[in-house]
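Novice: Structure provided below as structure tokens; questions to follow.
Computed from the coordinates by the stated procedures, all read-outs in this text should not be read as laboratory data. Everything numeric here is computed off the predicted structure, so don't read it as measured data.
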Amino acid sequence: MIRVLLVDDQTLVRAGFRALLEGVPDIEVVGEAGNGGTAVALARQLRPDVVLMDIRMPDVDGVTATRLITGDAQLSGVRVLVLTTFAEEDDVFAALRSGASGFLVKDTDPDELVQAVRVVARGDALLSPSVTRAVIRRSVQSGQPAVRRRPEPPELALLTAREREVVQLVAAGLSNDDIAVRLVVSPLTAKTHVARAMAKVGARDRAQLVVFAYQNGLVTPDGYDAGSASR
């Protein structure tokens, strides 16, 4: 059973998500919060598998709450799935940098929401390449410090040439199976490369690996697609 904590400052929105998720046999809604502070407290109390997190909330916002949850060693098994609108793209990137495992737009189809909860619960990242590209491009255009190119970190030097290529492909939105096909290796080998790269750069999951790739110049907003990873 996947345990979900709903976080949104609008009661009707939470009620809608609860009604949807409670009708799914393998998902249980264990709590609700109207702001980030309450979300952090309930995450520590209830230990949900997934926190469905709104970004714009009073008192403590979703980005701050995400950082507090993912930064708590006792909550290492809790994953955060951010809910957003395209008007909040800069905040979405900040949430990913804070440890969110992915994001969804609020008007996503019900079936996609349910699948997203399952994907994040099993430890995978939920990143739509097209939406991620839009988030990064807007952040660059607005000149946000959070996404400016920084000096090369020592972790980057730890990656082999093949691991750098794999990180680029992950950032392009490819799955392990897709990477295996692209590199002509087995899916297990692709998975091993991804795991080793994550360990070397200290990425919690694939979402943070994507952020690392962008921030350190392995991918760029204009080249953020599956084809660019091999160019």
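Novice: Using each residue's phi in region 211-219, evaluate 6.51 cos²θ - 1.76 cosθ + 1.60 at θ = phi - 60° and report the 3J(HN,Hα) Karplus result to the nearest Hz, with x for Gly and Pro.
Specialist: Ordered by residue, 3J(HN,Hα) equals 4, 4, 4, 5, 4, 10, x, 6, 9 Hz.
Novice: Skipping prolines and chain starts, which residues have an amide H placed within reach, meaning under 5 Å, of the one on residue 3, given they are 5 or more residues away or on another chain?
Specialist: The list, which skips near neighbours in sequence, is 28, 49, 50.
Novice: Can you compute 3J(HN,Hα) from phi for each residue in region 52-60, using the Karplus curve 6.51 cos²θ - 1.76 cosθ + 1.60 with θ = phi - 60°, rounded to whole Hz and x for Gly and Pro?
Specialist: Residue by residue, region 52-60 yields 8, 10, 6, 8, 8, 9, x, 6, 10 Hz.
Novice: Tell me which residues come under 5 Å, amide H to amide H, from residue 78 once H is placed; ignore anything under 5 positions away on its chain.
Specialist: Here nothing satisfies the definition.
Novice: Under the definition of Cα pairs under 8 Å and six or more residues apart, what whole-number percent is the relative contact order of region 158-200?
Specialist: Values: 29 pairs, mean separation 21.1, N = 43.
About 49 percent, as a whole number.
Novice: Under a 5 Å amide H to amide H cut-off, with H placed in plane at 1.01 Å, what residues pair with residue 55 once short-range neighbours are removed?
Specialist: The list, which skips near neighbours in sequence, is 83.
Novice: Using only the alpha carbons of region 1-131, what is the convex hull's orientation-averaged projected area in square nanometres?
Specialist: Details: hull surface 27.7 nm².
Averaged projected area of region 1-131's Cα convex hull equals 6.9 nm².
Novice: Tabulate in residue order the Karplus-calculated ³J(HN,Hα) for region 161-176, using 6.51 cos²θ - 1.76 cosθ + 1.60 with θ = phi - 60°, rounded to whole Hz; enter x for Gly and Pro.
Specialist: Those phi angles translate into 4, 5, 5, 4, 4, 5, 4, 4, 5, 4, 5, 7, x, 7, 7, 4 Hz.
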